[in-house]
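Below you'll find the structure, written out as structure tokens, and then a few comments.
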Amino acid sequence: MIRRAAYAVLLFACGGVQADPWLAPGDLALRHDIELLADAGIIRGPVMTWPLSWPDISRDVLAASESAHDDASVDAALARLKRTARDAQQDGPGGLEVRAAGSSDAPEWRAFSDQPREQGEVTVASSWMTERFAARVQVTGVASPTDDKSVRLDGSYVGVNVGNFMISAGEMERWWGPGWDGSLILGTNARPIPSLTVERNYTDPFKTRWLRWIGPWRASIAVGQEEGATTARDGRLPVLPDVRFLAARVNFKPRPWLEFALTRSAQFCGQGRDCSLGTIKDLLLGRDNQVVGGSTASQPGNQMAGYDVRLRSPWMNIPVAVYAQFIGEDEANGLPSKFLGVMGAEVWGSMRLGSWRVRAEATDTTCVFTRQNPEFDCAYRNGLFPQGYTYRGRMIGHGLDNDSRMASVAAILVRPSGETWQLTVRDARINRNGAVPDRAHALSAGSSKLRNAEIEYHRGFKLGTVRLGLALDDYSGARTDSSSRGFVEWRQRF
């Protein structure tokens, strides 16, 4: 009885995932539950492409039998998602959601956790969904914005189902990749780019025997437009206005224990640049980063592409997984080259207090990072767009910016009620090559070392969900400041 009451409190407080066709990135406990059920074989589709398709997740969760597993943590995660999935099936308006958050300092870069972007934020949102249509209006008022946008529509969208695809327009957060500290190609470090998107709803395998072997799969493609004026956080980087942004990804699961993805992104067009069909054709064919015999002006755009993979132990009784993401900043013979890398490993299990996950992750944002002499001042930089791989002054890829290396260890504990604790410790070398006059670095003007520790707490109450966070940052080298920062967030659905 007590356990059921705890679930009810949690689900009442976490209503923000209801009446939406997607599960947005940012919720640590939700991601832990999703991966726990995927590794247990309950969720069959790929789970490395956020936002996840809620109908696809819901179908697998509702079809699963509760209390049919030896692991109590799997049963608890299944119970949490199953009750939310039943509520999400209801058509019509999704009610009103209110959120208020405050932070002592705006974070300089973001990991998977949806921490407040600015020192003060107030959000009001409402969604509406039917079998065919979906819409969400989300308005956020910001105090002292770093990009001069005090009113934001981040998280808003309108979409329509066409067959097994959702066509939508809006500003949605995306996290493409298996890492927890960042995505090398598209994460939530920068604000979402306004885009027109086509995504596959259900991840059913192909029926033809020639393609059935790739297993459940999902595809996403988005085309958007970046800012129309200079919006760098401190004015150091000039901005070419009206640059278009393309992101495409195919994510598939050929075995229950193996998930793989191919990802590509591109910046193209922009004020004063050719934006004809021929330019777009060259871009799609990969004739962008290097044009033999051509000038910089003749290049259609700047492209990144690569691969990511997550491999779980094929034996269910060994709860271990390794993952990696390799993204090429350049192209050679039609394939990505000059790779950046993320590699990690995670283990999970359960105990009397709840389910837990421990992971270790290593990141290197230097081109050809595996070589003894890597190529510095290469990643996220190009000669076509002076702002580099940014949107509104923030890196679209990993928040560490280029030429940085980081190792991290983190542990998360999710109680049966959904109450969540996470502790993360990081050690990083920032901007290892030092200052370059016309290439401002997001975190440090010169080579610096960063030691960071963060703790986060999340709990649902009858009057809303509360999240608390505290972080300590200690820089040495070219940057020598040390500071502490914290945030508090309250969220309620009516």
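Structure summary
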{"read-out": "Neighbourhood charge, 11 Å Cβ-Cβ cut-off, centred on Met48 and excluding it, Lys, Arg +1 and Asp, Glu -1", "value": "+2"}
{"read-out": "Over 30 Å (Cα to Cα) - which of Lys82/Lys253; Lys338/Lys449; Lys149/Lys253; Lys253/Lys462; Lys149/Lys462; Lys82/Lys149 fall in this group", "value": "Lys149/Lys253; Lys253/Lys462; Lys149/Lys462; Lys82/Lys149"}
{"read-out": "Rounded Å value of the spacing that divides the Cα centres of region 250-267 and region 172-199", "value": "14 Å"}
{"read-out": "Surface/4 estimate of mean projected area, convex hull on alpha-carbon atoms of region 85-244, nm²", "value": "11.8 nm²"}
{"read-out": "Inter-probe distance in nm under a simple model that places probes 7 Å from Cα toward Cβ, at Asp427 and Trp490", "value": "4.1 nm"}
{"read-out": "Kirkwood Rh, Cα atoms: Rg over Rh of region 351-494", "value": "1.06"}
{"read-out": "Highest-first arrangement of 72-80, 175-183, where packing means the average Cβ count within 10 Å", "value": "175-183, 72-80"}
{"read-out": "Peptides 144-152, 392-400 ordered by average Cβ neighbours within 10 Å, highest first", "value": "392-400, 144-152"}
{"read-out": "Carbon plus sulfur fraction of accessible area for the chain, probe 1.4 Å, in percent", "value": "60 percent"}
{"read-out": "Cα-based equivalent ellipsoid of region 298-364: semi-axis lengths in Å, sorted from largest, via gyration tensor", "value": "36, 12, 8"}
{"read-out": "The chain - Rg and Dmax from Cα coordinates, angstrom", "value": "21.8, 73"}
{"read-out": "Separation of alpha-carbon centers, region 445-480 and region 28-92, rounded to whole Å", "value": "29 Å"}
{"read-out": "Most to least packed among 198-209, 39-50, 96-107 [average Cβ atoms within 10 Å]", "value": "39-50, 96-107, 198-209"}
{"read-out": "Distance in nm between pseudo-label sites at Arg212 and Trp315 (7 Å out along the Cβ direction from Cα)", "value": "3.0 nm"}
{"read-out": "Calculated [θ] (222 nm, deg cm²/dmol) that DSSP helices of n ≥ 4 give over the chain, each run adding -39,500 (n - 2.57)", "value": "-3500 deg cm²/dmol"}
{"read-out": "Where N is the number of residues in region 264-405, Cα Rg divided by 2.2 N^0.38 Å", "value": "1.31"}
{"read-out": "Heavy-atom accessible area per residue - the chain, 1.4 Å, Å²", "value": "42 Å²"}
{"read-out": "Value of Rg to Rh for region 455-494 (Rh from inverse mean 1/r over Cα pairs, i.e. Kirkwood)", "value": "1.26"}
{"read-out": "Under 12 Å, Cβ to Cβ, from Asp242 - net charge with Lys/Arg +1 and Asp/Glu -1", "value": "0"}
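The values are calculated or read from the model by the stated rules, or taken from the named source; none is laboratory data. Remember, it's a predicted structure, so these values are computed and weren't measured experimentally. Here the Cβ is made from the backbone with ideal geometry for all residues, glycine too, and neighbour counts use every protein chain on show. The area values use the complete protein model at the heavy-atom level, side chains included, leaving out ligands, DNA and RNA. Shrake-Rupley method; radii C 1.70, N 1.55, O 1.52, S 1.80 Å.
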